[in-house]
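Asker: What follows is a single structure, and I will ask about it in a moment.
Each value in this text was obtained by applying a stated rule to the coordinates, not by laboratory testing. Keep in mind that this is a model prediction, so the values were computed, not measured. So basically every Cβ, Gly included, is an ideal-geometry build from the backbone, and we count neighbours across all protein chains shown.
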Amino acid sequence: QVQLVESGGGFLQAGGSLKLSCAASVPTFSAYYMAWFRQAPGKEREFVASISWTASRTDYAESVKDRFTISKDDAKNTVYLQMNTLKPDDTAVYYCAAHYVPPLSRKINYRPKKYDYWGQGTQVTVSS
């Protein structure tokens with residue numbers, strides 16, 4: 001089973017930057033499709049960004065496009081979310097998620113239909 005631990009959250013002013021990390025305790029990190037989600041008070045959890053097992057494909061929510069960058073380091077079993085030009089509406093608990101991609105499914109057009117594992121979240125608060 002996969003264990004995910006997020007870190008790097010904090011409090012900062014609008015316009016600032018923050019980098020989140022998600023450490024995954026898995027033997028083959030490169031076999032997982034990784035993603036970041038977030039949930040603000042009173043709102044449903046929403047997709048933020050994802051990265052394929054090969055890191056050859058990334059996807060972003062329109063609200064964070066060109067401001068956030070997802071990346072990963074297979075040597076450290078860690079996925080990152082670099083957040084720039086933060087806005088107050090970016091305030092939320094950010095969650096790391098993972099989806100195991102079976103060997104025969106590892107094709108360039110593959111996209112996960114659901115994420116199997118979730119971290120506990122890290123709080124990001126952006127003031128006006």
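Asker: Could you grab me the full set of residues in segment 55-73 that are outside any strand (DSSP E or B), surrounded by 15 or more Cβ atoms within 10 Å (Cβ to Cβ) and in contact (Cβ under 8 Å) with a residue 24 or more places away in the chain?
Answerer: From segment 55-73, those outside any strand (DSSP E or B) are 55-57, 61-67; that's our starting set.
Subsequent filtering for residues that are surrounded by 15 or more Cβ atoms within 10 Å (Cβ to Cβ) retains 55, 61, 64, 67.
Of everything in segment 55-73, just one residue is outside any strand (DSSP E or B), surrounded by 15 or more Cβ atoms within 10 Å (Cβ to Cβ) and in contact (Cβ under 8 Å) with a residue 24 or more places away in the chain, namely VAL64.
Asker: Can you name the strands (runs of 3 or more DSSP E) wholly within segment 2-48 that have at least 2 residues being small (Gly, Ala, Ser)? Quick ask: steps written out before the conclusion?
Answerer: Details: elements: 4-7, 10-13, 18-24, 32-39.
Here the list reads 18-24.
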